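FYI, it's all coordinate maths here, none of it is from the lab. Here the structure is a predicted model, which means the values were calculated and not measured. Cβ: placed from backbone, ideal geometry, glycine included. Neighbour counts: every protein chain shown.
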Amino acid sequence: MSQFSNPIKLSQLSTLITDAVDVAFRNKSYWIIADVTNHSYKEAKNSHNFGLVEKDVNSHTIVAKVAGKAWGTSAVKIKDFENITGQRFTNNIQVLILVSIEYHAQYGLSVALLNIDPNFTLGVLEQQRKATLEMLVLRNKFIKKIGDGYLTGNNELRLNPVLQRIALISSSISAGSEDFRHTLDNNDYGYTYQVDDYFAGVQGEKNVQQFVDRLVAVYNSGVAYDAVVIVRGGGAQTDFLIFDNYRIARAVAKFPIPIITGIGHQKNETITDLMVHTKTKTPTKAAEFIVAHNRNFELSMILFQRNVVFRSQNLIAVAQQKLTILYYGLIESARNTSGVQKEKLIGLDHKVTEKAKSMIFSQQNKLISTAAKLAVRPLILLNDKKNEIRSQQENVRMFATAYLKKQNDTITNFEGAIRIMSPESTLKRGYAIIRKNDIIAFNGAGLEQGDDIEIIFAESILHATIKEKKEHNGRRNDL
């Protein structure tokens, strides 16, 4: 008997499988733990389609996979789950769900979601969060746990007194970025800011590397930023999972410029919030913090100015009082000493008079002696200068005669050379001049066969026609 006898159709096999599944799983449901993948939602039908997978703890490879769906009452359960947890039912979240098993001849085996436990998912997220925080502290010396908070390299930095140059990391389509800029631009104090955009995805694990790269770009920009601000709009809790990522948290904790967050999470703090210098709830709050920081600096300057004015006025008043006392004291002292000084002046007057007479007599004697010497000295000097001038005149005369003779000889030599080099002398020495069209030919470059030329000698001119032209290297004329 052939092994291919009595084959059945695929539909018959599907019916057998359907009956077997129905018998095995009819009216049965199971609580299962799985990760959500390939999720899609059709709003018009209020239905969810998704995959459920289980991954190996160590290798993260998929060890089990099944399709899932939810609609009607089950879709309402998912909506309740999102309201309680604050996060969307979407990919890459681990859930505890109640399912029933179904088999369809065309679509195969699947599970239908009957219920979902929000507490389980919240617990899983919290466990992941705690593990990440522990890893950050364990692996990085610049992150320390202090009580319920964390001390990091970033939150130990001091903010500049004025925050004006700001690097803004946000999504290019984020409303949070617009809210942040609007609040800064419309502050009540007329402060101006330089805000440079560094766009990055702020949602999903796939954008982690891009986000870190944006921080690196800020660092390498060469701009002396006062602060880096990270903002995004609101969203479900899973939208903020990127800010619980280890790599992003480590990068912001180590970053050498103070970071301010305003990522729109109203309920809880992300790990990134715990690592940065200053955390705020929303982009608007981040902008308000910067404005308030600058306002505090301005107020401190105003207060300082007032204190300077007040203290200056006090110092001036005290000084004026001291000057007044000193003034009257000086007047009294002057009155007391003027009598004594007047008597001293009279005595000095007599001494000065006697001393002056003595000095005048002495200087008169010196002047008489000096005048006698000066009367003789000019005659001697004049005689010496006359002799010196006569000697110089003789030297000049002799030098001029020799110089003029030398120059006359040089001119005579030049004249002889010019006469020897003149065309007339050259022709007399037996040379000839060739001319074409009244232009002297210095070489054969401008002459061709058939050209009419003039050959000029000292005493005659020949008219000739060139019959042949040959190249010549000039060696035969090397005399």
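Cα to Cα, under 23 Å, and not fewer than 8 places away if on the same chain: which lysines meet these conditions relative to residue 469?
Cα-Cα hits under 23 Å: 436.
Suppose every K and R has +1 on its Cβ and every D and E has -1 on its Cβ; what is the size of the dipole of the range 128-295 about the Cα centre, in Debye to the nearest 20?
That gives the range 128-295 a dipole magnitude of about 640 debye.
Hey, what do the phi angles of the range 195-200 turn into as Karplus ³J(HN,Hα) couplings, whole Hz, using 6.51/-1.76/1.60 and θ = phi - 60°, x for Gly and Pro?
Rounded to whole hertz, the list is 10, 10, 7, 10, 6, 7.
Modelling each spin label as a point 7 Å along the Cα-to-Cβ direction, I'd like the residue 132/residue 353 distance in nm, to one decimal.
10.8
Would the range 128-295 count as rounded, prolate or oblate if I go by the C-alpha gyration tensor, calling it rounded below 1.5 in a/c and otherwise prolate when a/b exceeds b/c, oblate otherwise?
It is prolate, given that a/c is not under 1.5 and a/b is the larger ratio.
Of all trypsin sites (Lys or Arg not before Pro) in the range 3-110, which ones are in loop regions per DSSP and have a Cβ with at most 13 other Cβ atoms within 10 Å?
Counting only loop positions with at most 13 other Cβ atoms within 10 Å, the trypsin sites (Lys or Arg not before Pro) in the range 3-110 are 9, 26, 28, 45.
Report, in debye and to the nearest 20, how large the dipole of the chain comes out about its Cα centre when Lys and Arg carry +1 and Asp and Glu carry -1 on their Cβ.
Charge dipole of the chain: 2540 debye, to the nearest 20.
Pull up the DSSP beta bridges for the range 128-295 and report the antiparallel fraction as a percent, rounded to 5.
20
Can you tell me which lysines have their Cα less than 17 Å from the Cα of residue 79? Leave out same-chain residues fewer than eight positions away.
Output for residue 79: 42, 45, 69.
Once the piece of chain linking residue 192 and residue 415 is laid out straight, how much longer is it, given 0.36 nm per residue of separation minus the C-alpha distance between them?
Net length gain for the segment: 71.6 nm.
Hey, what did the chain get for relative contact order, percent, Cα under 8 Å, at least 6 apart?
It comes to 9 percent, rounded to a whole number.
Counting only C-alpha contacts under 8 Å and six or more residues apart, can you give the relative contact order of the range 427-472 as a whole percent?
So the answer I get is 35 percent.
Once whole DSSP H runs in the chain are found, which of them have Cα atoms spread over 20 Å or more along the helix axis and a mean Kyte-Doolittle score of at least 1.0?
Going by DSSP H runs, the hits are 10-25.
With contacts defined as alpha carbon pairs under 8 Å and 6 or more residues apart, what's the relative contact order of the range 128-295 in percent?
Relative contact order, the range 128-295: 30 percent.
Check the straight Cα-Cα distances from residue 285 and name the lysines below 25 Å, setting aside those fewer than 8 residues away within the same chain.
Qualifying lysines at Cα under 25 Å: 254, 267.
Distance in nm between label sites at residue 217 and residue 84, each 7 Å beyond Cα in the beta-carbon direction?
Result for the modelled spin labels: 4.1 nm.
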